[in-house]
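The values are calculated or read from the model by the stated rules, or taken from the named source; none is laboratory data. Bear in mind that the values here come from a model prediction, so they are computed numbers and not experimental data. Reconstructed Cβ throughout: ideal geometry from the backbone, glycine too, with neighbour counts over all protein chains shown.
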Amino acid sequence: MSKPPRRFSMVTMDVFSANPLEGNPLAVFPDARGLSDAEMQAVAKEMNLSETTFILPREAAVERERGVKVRIFTVSEELPFAGHPTLGTAFVLRGAGGAEEVALDLKVGKIPVRFEEGNGQPVFGEMRQRDPELGEVHDRKAVAAAAGLSPEQIADDLPVQTVSTGIAFVIVPLRSLATMRNMRVDLQRAAEYLQRGEGKFFYFVCREKVDPSARLHARMFFYNGEDPATGSAAGCAAAWMAAHGVAQPGERVLIEQGVEMGRPSRIFVRADKDGNRVVNVRVGGNAVEVLRGEVVL
């Protein structure tokens, strides 16, 4: 006797934008209880987005103490943390209730997301990420060779550095917007370089930008393509900016990403300093719902 089909509701959000069909799309499953690890991975591959999140509801008392349990999958692996999935999932959890804060229980620990609204502006959410670890400073020539660039295209007044707030990114400052726009990264060569060190992905940034109000223009290439908005990398960039004087401690600045993809994203970041340590990394933006449906298994 065949089993009845299982139905799982899902919603997609465009994250780091207040406008539908911009920002970074995310699929969220509000109640993923009953899905195995393998099924979550297969569903994420079916969604074919940068990430898909699975909410696993628990008793209210547990959620108040630890946060709402959420798992994050790319098309090929589970991640301990990622920025736009954290923010987008928090917007779904907040729903119409209007909570001021939602806490997610991720593999890296409890991540709070606070919300701001008023003055007729779209709701703004801001997550506090783990305090950053500023790691290896890389050789410009080696990074240039790995990324398909010339050493002269990498800025020499700022370090190429690994930073992690849960996932390690190598922040690579480039000299010009023209270089950013014309990049053709060899993902295999880049992966081979990154596997020898601390970083998981390159995050390319540039102080020349499209929007004059932005502080950095950014691009991030991973797996088999490009990411429209990378909140985890933006948090690392916030720490890097605070450490090296690109932004002042506590200053909220804008990173623009996804422009070359036709998916413009607006990522607002800030970080504080405690002596020589960078602390209190925060990453925020808007999110908008674009689709609701069911997955039948």
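Given the structure, is Glu260 assigned to a strand (DSSP E or B) and either within 30 Å of Thr12 (Cβ to Cβ) or in the same structural domain as Ala18 (by TED's automatic domain parsing) (or both)?
Working: assigned to a strand (DSSP E or B): no; either within 30 Å of Thr12 (Cβ to Cβ) or in the same structural domain as Ala18 (by TED's automatic domain parsing) (or both): yes.
No: the conditions fail for Glu260.
Within region 267-276, is there a residue that is at negative phi, loosely packed, with under 15 Cβ neighbours inside 10 Å and out of contact with any helix residue (DSSP H, G or I) (no Cβ under 8 Å at 6 or more places or on another chain)? Steps first, answer last, please.
Residues of region 267-276 at negative phi: 267-274, 276.
Pick out the ones that are also loosely packed, with under 15 Cβ neighbours inside 10 Å and you get 274, 276.
From what's left, out of contact with any helix residue (DSSP H, G or I) (no Cβ under 8 Å at 6 or more places or on another chain): 274, 276.
Scanning region 267-276 turns up at least one residue that is at negative phi, loosely packed, with under 15 Cβ neighbours inside 10 Å and out of contact with any helix residue (DSSP H, G or I) (no Cβ under 8 Å at 6 or more places or on another chain).
Check Val288, Val295 and return the single one that is closer than 26 Å to Ala44 by Cβ, touching a residue at least 60 places away in the same chain (Cβ under 8 Å), surrounded by 14 or more Cβ atoms within 10 Å (Cβ to Cβ) and over 18 Å from the mean Cα position of the chain (by Cα).
Val295
Look at Ile55 and say whether it is touching a strand residue (DSSP E or B) at 6+ places or on another chain (Cβ under 8 Å), crowded, with 23+ Cβ neighbours inside 10 Å, without any contact (Cβ under 8 Å) to a residue 40 or more places away in the chain and not small (Gly, Ala, Ser). Quick ask: steps written out before the conclusion?
Details: touching a strand residue (DSSP E or B) at 6+ places or on another chain (Cβ under 8 Å): yes; crowded, with 23+ Cβ neighbours inside 10 Å: no; without any contact (Cβ under 8 Å) to a residue 40 or more places away in the chain: yes; not small (Gly, Ala, Ser): yes.
Spelling it out, it is not the case that Ile55 is touching a strand residue (DSSP E or B) at 6+ places or on another chain (Cβ under 8 Å), crowded, with 23+ Cβ neighbours inside 10 Å, without any contact (Cβ under 8 Å) to a residue 40 or more places away in the chain and not small (Gly, Ala, Ser).
Give, as residue ranges, the helices (runs of 4 or more DSSP H) completely inside region 1-106 that count at least 1 residues that are outside the structural domain of Ala218 (by TED's automatic domain parsing), touching a helix residue (DSSP H, G or I) at 6+ places or on another chain (Cβ under 6 Å) and under 27 Å from Ala237 (Cβ atoms).
83-94
Out of the residues in region 4-42 that are of a type in the set (S, T, N, Q) and in contact (Cβ under 8 Å) with a residue 12 or more places away in the chain, which is farthest from Arg292 (Cα to Cα)?
My answer is Gln41.
Which count do you get for residues in region 265-297 that are under 14 Å from Leu216 (Cβ atoms) and not aromatic (Phe, Trp, Tyr)?
Summing the residues that are under 14 Å from Leu216 (Cβ atoms) and not aromatic (Phe, Trp, Tyr) in region 265-297 gives 7.
How many of the residues making up region 195-219 are over 14 Å from Pro173 (Cβ atoms) and touching a helix residue (DSSP H, G or I) at 6+ places or on another chain (Cβ under 6 Å)? Even if it seems obvious, please write down each step before you answer.
In the first step, residues of region 195-219 are kept if they are over 14 Å from Pro173 (Cβ atoms); the result is 195-201, 210-214.
Filter again for touching a helix residue (DSSP H, G or I) at 6+ places or on another chain (Cβ under 6 Å), leaving 210.
Number of matching residues: 1.
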